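Okay, structure first, notes after.
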Amino acid sequence: MILDEIRNELFKMQDTAYRDFNSKLIPTVDKSLFIGVRTPELRKYAKQLAKREDIEEFLHSLPHKYFDENQLHAFIVSEIKDFKSCVDKVNEFLPYVDNWATCDQLSPKVFKKYHKELINYIEIWLKSDKVYTVRFGIGMLMEHFLDEDFDISYLETVSNIRSDEYYVNMMIAWYFATALVKRYESVLPFIENRRLDIWTHNKAIQKAVESYRISTERKTYLKELKVKKG
């Protein structure tokens, strides 16, 4: 049975020191649910599994017990070459994503060829009531729609998201920081006019200032736009 086979293989690759280190970075998942498989090993194993005809059994066995199984699931789905099949698997998986790492490492390669179709799904994800589905949608906008398929309406959409969730707001900040690198002139008015909540506004500026891809002159100006609390 493939489920037992996969779990046994994951435990063979276990690195307990890495498990202890990694579990501290992902506080939303109980430490007992980490096996401790390093990411390169998971990616390599996922590529092997993606070619198997019986992999559907694993992909349908949601929710998984272990963090590492969720990571493996994300990497396998990211290998699917058919867009419709891939996005269906993403939609099946997203409700079970319970941490930032699995969310951010779910990045299907096929999406870059189907931006016209992808944007429709992103709009749905952004309206979800699930933290990591929203985070994933913002991440996909950041990854695929800040270059040739950029539209200022996407900045509007993300700037209008209001959440009490740290992992959503951190992704909004990351999105705007990356947008400042790639689309400075378009993004600057959103910062100047304080279109984000104060915490996210300041975090976006912080992350942008930390980037080596933004000029010193621009960093100096961005620092002046930080909102002082008090």
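The C-beta contact set for the range 131-157 (first residue touching a residue at least 12 places away in the same chain (Cβ under 8 Å) and assigned to a helix (DSSP H, G or I), second residue buried (at least 22 other Cβ atoms within 10 Å of the Cβ) and among the polar types (S, T, N, Q), distance under 8 angstrom, 6+ apart or interchain) comprises 132/102.
The C-beta contact set for the range 209-230 (first residue within 15 Å of residue 190 (Cβ to Cβ), second residue assigned to a loop (DSSP other than H, G, I, E, B), distance under 9 angstrom, 6+ apart or interchain) comprises 222/214; 225/194; 227/194. Do we have any residue at all in the range 130-139 that's out of contact with any strand residue (DSSP E or B) (no Cβ under 6 Å at 6 or more places or on another chain), small (Gly, Ala, Ser) and crowded, with 21+ Cβ neighbours inside 10 Å? Yes, the conditions are met somewhere in the range 130-139. Cβ-Cβ contacts under 6 Å between residues 6 or more apart (or on different chains), taken from a first residue in the range 19-46 that is within 23 Å of residue 58 (Cα to Cα) and in contact (Cβ under 8 Å) with a residue 24 or more places away in the chain to a second residue that is aliphatic (A, V, I, L, M) and part of a loop (DSSP other than H, G, I, E, B), are listed as 37/13; 41/13. Has the range 216-227 got any residue that is closer than 30 Å to residue 87 by Cβ and buried (at least 20 other Cβ atoms within 10 Å of the Cβ)? Checked against the condition, which is being closer than 30 Å to residue 87 by Cβ and buried (at least 20 other Cβ atoms within 10 Å of the Cβ), the range 216-227 yields no hits at all.
The helices (runs of 4 or more DSSP H) located wholly in the range 1-118 that include 1 or more residues which are of a type in the set (A, V, I, L, M, F, W, C) and surrounded by fewer than 14 Cβ atoms within 10 Å (Cβ to Cβ) occupy 2-12, 16-25.
Read the figures in this text as sums done on the coordinates, not as results from a lab. Model, not experiment: these values are computed from the prediction. Please note: Cβ atoms are built from the backbone with ideal geometry, for glycine as well, and neighbour counts cover all protein chains shown.
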